[in-house]
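The values are calculated or read from the model by the stated rules, or taken from the named source; none is laboratory data. Bear in mind the structure is a predicted one, so any value in this text is a computation, not a measurement. When we count neighbours, we look across all protein chains shown, and the Cβ atoms used for this are built from the backbone with ideal geometry, even at glycine. Protein only, heavy atoms only, side chains kept; ligands, DNA and RNA dropped before computing areas. Shrake-Rupley method; radii C 1.70, N 1.55, O 1.52, S 1.80 Å.
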Amino acid sequence: RPSLPAGVALKGVRIAHGGRPLAVVDELTVHPELLTLLQSTTVYRLEGSLGGGAFSGRAEVDSAGATPKTRMTAQVGGVQLQQLPALRDVYGSRFSGRMDGSLALTDAGALSGKLSASELQVELPMPVLAQTRFAFRSADADIALQNRSLLVRNGRLRGTELDAEVSGTISFDPLQAARGVNLVGRVTPHPAFMAKAEGSLPAGLLRRRAAIPFRVSGPLDAPGFSLN
């Protein structure tokens, strides 16, 4: 429906990729900057609600060439991870917590940004370090998405029982399905966690004082976890 100031308001906007639901935008308003409507590059302001939080952004549509080019920047805040369809039952895992961050989309289709989460809860389908549920006070990472590959850099998680660092790639290309996940990192269990896990973990692992390297690799639908 039309909205004031001049623009368009939409409700229940569903975003999907390859038939898989990613997110539902409860409300979205798009307002052009009126003076730019007479120029080759039109600027739009975006505002909306997503997953119990809010987002705002700015998009530029350059129509000077044969093919229009779009650039966009956006900020998100207070998004509840458990309300995002894309994160429901990921490889059998469940996520909850609050997400904030910023994103940028170039006219070449490359998406990059920095995301952070607080009060993050992760439930795994299979035990890792003899446990299936982990809580983290904070988590943040730099991401980039291009050519069906997600690059994760500088991933840091700070938890009540352990800390972790992670980086690597996740490919969504069907041709790379057999080796779609390739993440490496280090995990540092807190002493209280190691004491609780005594008896369920190898003695050599419990005696380590430094961070423990790990790898997550394998098919996109069933990656494996290993400690080094």
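Numbers below:
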item: Whole-Hz ³J(HN,Hα) from phi, Karplus 6.51 cos²θ - 1.76 cosθ + 1.60, for the range 170-185, glycine and proline x; result: 10, 9, 9, 7, x, 6, 10, 4, 5, 9, x, 10, 8, 10, 10, x
item: Cut-off 13 Å (backbone N to label point 7 Å along Cα→Cβ of ARG20), residues of the range 169-203; result: 170-178, 180-181
item: The range 97-211: relative contact order as a whole-number percent, Cα under 8 Å and 6+ apart; result: 17
item: For the range 99-112, 3J(HN,Hα) per residue [Karplus equation, 6.51 cos²θ - 1.76 cosθ + 1.60, θ = phi - 60°, Hz, x = Gly/Pro]; result: 10, 9, x, 9, 9, 9, 10, 8, 5, 8, x, 8, 10, 9
item: Most mobile of ARG71, ARG45, ARG148 in a GNM of the chain (Cα contacts under 10 Å); result: ARG148
item: Percent accessible area from carbon and sulfur atoms, the range 30-89, protein chains only, probe 1.4 Å; result: 57
item: Surface share of carbon and sulfur [accessible, 1.4 angstrom probe, percent] for the range 110-228; result: 56
item: Sum of -39500 (n - 2.57) over DSSP H runs of 4+, divided by residues of the chain (222 nm, nearest 500); result: -1000 deg cm²/dmol
item: Counting DSSP beta bridges with both ends in the range 130-224, the antiparallel % (nearest 5); result: 95
item: Set of lysines near LYS69 by C-alpha distance (under 24 Å), chain-local residues within fewer than 8 positions excluded; result: LYS114
item: Cα centroid of the range 34-89 to Cα centroid of the range 140-198, whole Å; result: 27
item: Surface accessible to a 1.4 Å probe, per residue, for the residues of the chain, Å²; result: 59
item: Efficiency of FRET from Cβ geometry, LEU38 and ARG186, R₀ 45 Å, rounded to 0.05; result: 0.25
item: Relative contact order (percent, whole number), the range 61-154, Cα cutoff 8 Å, 6+ residue spacing; result: 21
item: Contact order relative to length of the chain, as percent, for alpha carbon pairs under 8 angstrom and 6 or more apart; result: 9
item: Potential extension, ALA197-GLU27 segment - 0.36 nm per residue separation minus Cα distance; result: 56.6 nm
item: Nitroxide proxy distance, nm - points 7 Å out along Cα→Cβ at ARG58 and LEU150; result: 2.8
